[in-house]
Amino acid sequence: MGTTQPIRGKDELKKFLNYYQNCQPNIRNYSLVLFGLHTALRISDILNLNWEDVYDFDGTCFRDHLFLREQKTGKENIVALNNHLKETLKLYMKSRNPAPEDYLFTKTTNYGRPLSRSQAFRIMKKAAEETLHTSHVSCHSLRKTFGYHAWKQGVPPALLMDIFNHSSYGVTKKYLGIEQDERDSIFMKIDLS
């Protein structure tokens, strides 16, 4: 887990998202960031996805769910694809005209090869440095950001534990930084005078 942090502030998150949407427009990079934020998948799983995993070429529509076996845990995972993500993927798809077996996120020079983890890291790092002026954001920050904001919006940590396939509630609390946030909240709210 190291020093990688979620993007906690909503304004910071908007700035981060805006970087590849408007500041340095790049539909692939924007789609990658949005995909990571909306699916809470590890980057290794995202980079191995093919277009047919998210798009039904026979029915000519985006799938409602993504079915995959996670590389790290070997567990099956089913992730709902929301409409905002589908709309972004539709724009991205128009720029690529992919075949079903093509990787979802590829090098710009070779659509037959997936984007590397190091390049995905550089994409996240660049946006974070330009918008948030921090070096503590990485690909894994997208997963943590999903969990952190889900928790702040009232999703029970036990459900997040299930989504993340964590082995314990304690791991999830530490992963999201919930423990310190809960403690800080108590100290800030208590008025004993």
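Bear in mind these aren't lab numbers, they're just calculated from the coordinates by the rules spelled out. On a predicted model such as this, the values are computed, not experimentally measured, just so you know. Quick reminder, even Gly has a Cβ in these numbers, built from the backbone with ideal geometry, and neighbours come from all protein chains shown.
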Distance in nm between pseudo-label sites at Glu52 and Asp64 (7 Å out along the Cβ direction from Cα): 2.2 nm
Of Lys15/Lys144; Lys90/Lys125; Lys10/Lys75; Lys72/Lys144; Lys72/Lys94; Lys15/Lys125, those spanning more than 20 Å from alpha-carbon to alpha-carbon: Lys90/Lys125; Lys10/Lys75; Lys72/Lys94
Arg122 versus Asp181: modelled label distance in nm, points set 7 Å from Cα along the beta carbon direction: 3.2 nm
Taking Asp53, Asp184 and counting other C-beta atoms within 10 Å, the order from fewest to most: Asp184, Asp53
Neighbour-count order for Cys139, Cys23, fewest beta carbons within 10 angstrom listed first: Cys23, Cys139
Placed amide H near Tyr55: partners under 5 Å, 5+ positions off or other chain: Arg63
Anisotropy class of region 1-113 from Cα gyration tensor, a/c 1.5 cut: oblate
Cβ-based charge dipole, the chain, positive-most Cα from Ile27, Pro157, Leu68: Ile27
Label assignment, semi-axes √(5λ) of the Cα gyration tensor in Å derived from the structure, set (i) 27, 19, 15; (ii) 31, 20, 15; (iii) 44, 20, 11: (ii)
Region 61-117: chymotrypsin sites (Phe, Trp or Tyr not before Pro) in DSSP coil with no more than 15 other Cβ atoms inside 10 Å: Tyr111
Low-density loop positions, trypsin sites (Lys or Arg not before Pro), region 65-167 - DSSP coil, at most 16 other Cβ in 10 Å: Lys72, Lys75, Lys107
Prolate/oblate/rounded call for region 27-90, Cα gyration tensor, a/c under 1.5 rounded: oblate
Only Lys, Arg (+1) and Asp, Glu (-1) charged, at Cβ; region 10-139 dipole about Cα centre in debye: 440 debye
